[in-house]
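This report concerns only the one structure given below.
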Amino acid sequence: MDDDQTVKIQYSVKLGELWREPKRLLEQTFEHIDELPAQKWTADESILSNSTVDKIHSLRVKLEAADRMLRDISGIVEQYLEFRNSPPPPAPEIEVQKANVPAAEGRAMIPSPLTNLLEAQRMTAKALKAMPTPNEIAD
C-alpha cells in the first residue's frame, strides 16, 4: 500500500467550530511549505543529470501535496460561504383543514397548525389503540 496515496474524506463539524479546520489545515500547509528544501546546484554539479531529475520530482511531489491541502481549505471556505449566503430553507407546508367548530362571538374559528398537529396526534393514538398487543398476536 502506498502511503502517498490520498483518500477524500467527509465529516461533520459544528458551525461554531468550523473555523478550526481551515486554520489547522493552513498551519499544516505552511509547515509543509517551510520544509521544502532550497534546491541549489553547486558549480561542480551538472544540472543535466539524474540527480536534477530526482530533485525536481521530489520538489514537485511536495508542492502537489501543499496544493492539495490548499484546495481542501478553499473547498471548506467556499462551502461555508455558500451555506452562509443561501436563503433559509422554506418552512414545511401545513395542510389547513376546515374545523367543524362553531363561530365564536360571530367570528369563524380558523384552525392553527397546532390544531392540525393535535388532530394528527389524536388519530395516531386512536390507530395505536386499535392495534393488537403482542400478547393478543401470540394467542
Within the range 112-134, of all residues that are among the hydroxyl-bearing types (S, T, Y) and under 12 Å from I94 (Cα atoms), the one modelled with the lowest pLDDT is S112
Per the filter on the range 8-34, residues out of contact with any Leu (no Cβ under 9 Å at 6 or more places or on another chain) and within 30 Å of S58 (Cβ to Cβ) are K8, I9, E21, P22, K23, R24, E27, Q28, F30, E31, H32, D34
When (1) at pLDDT 85 or above; (2) in a loop (DSSP other than H, G, I, E, B) are applied to Q5, the one that fails is (1)
Within the range 8-24, residues free of Cβ contacts under 8 Å to residues at least 12 places away in the same chain and in a loop (DSSP other than H, G, I, E, B) come out as K8, I9, Q10, Y11, S12, V13, K14, W19
Selection over the range 68-95 where residues are among the hydrophobic types (A, V, I, L, M, F, W, C), over 30 Å from V7 (Cβ atoms) and loosely packed, with under 11 Cβ neighbours inside 10 Å yields a count of 1
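For every residue, the table says whether it meets (1) in a helix (DSSP H, G or I); (2) at pLDDT 90 or above; (3) more than 30 Å from L117 (Cα to Cα).
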site	(1), (2), (3)
W41	no, no, yes
D44	no, no, yes
K55	yes, no, yes
Q79	yes, yes, yes
V96	no, no, no
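The values are calculated or read from the model by the stated rules, or taken from the named source; none is laboratory data. Treat the numbers as computed from the prediction; the structure is a model and nothing was measured. Positions of Cβ are backbone-derived with ideal geometry, glycine not excepted, and every protein chain shown enters the neighbour counts.
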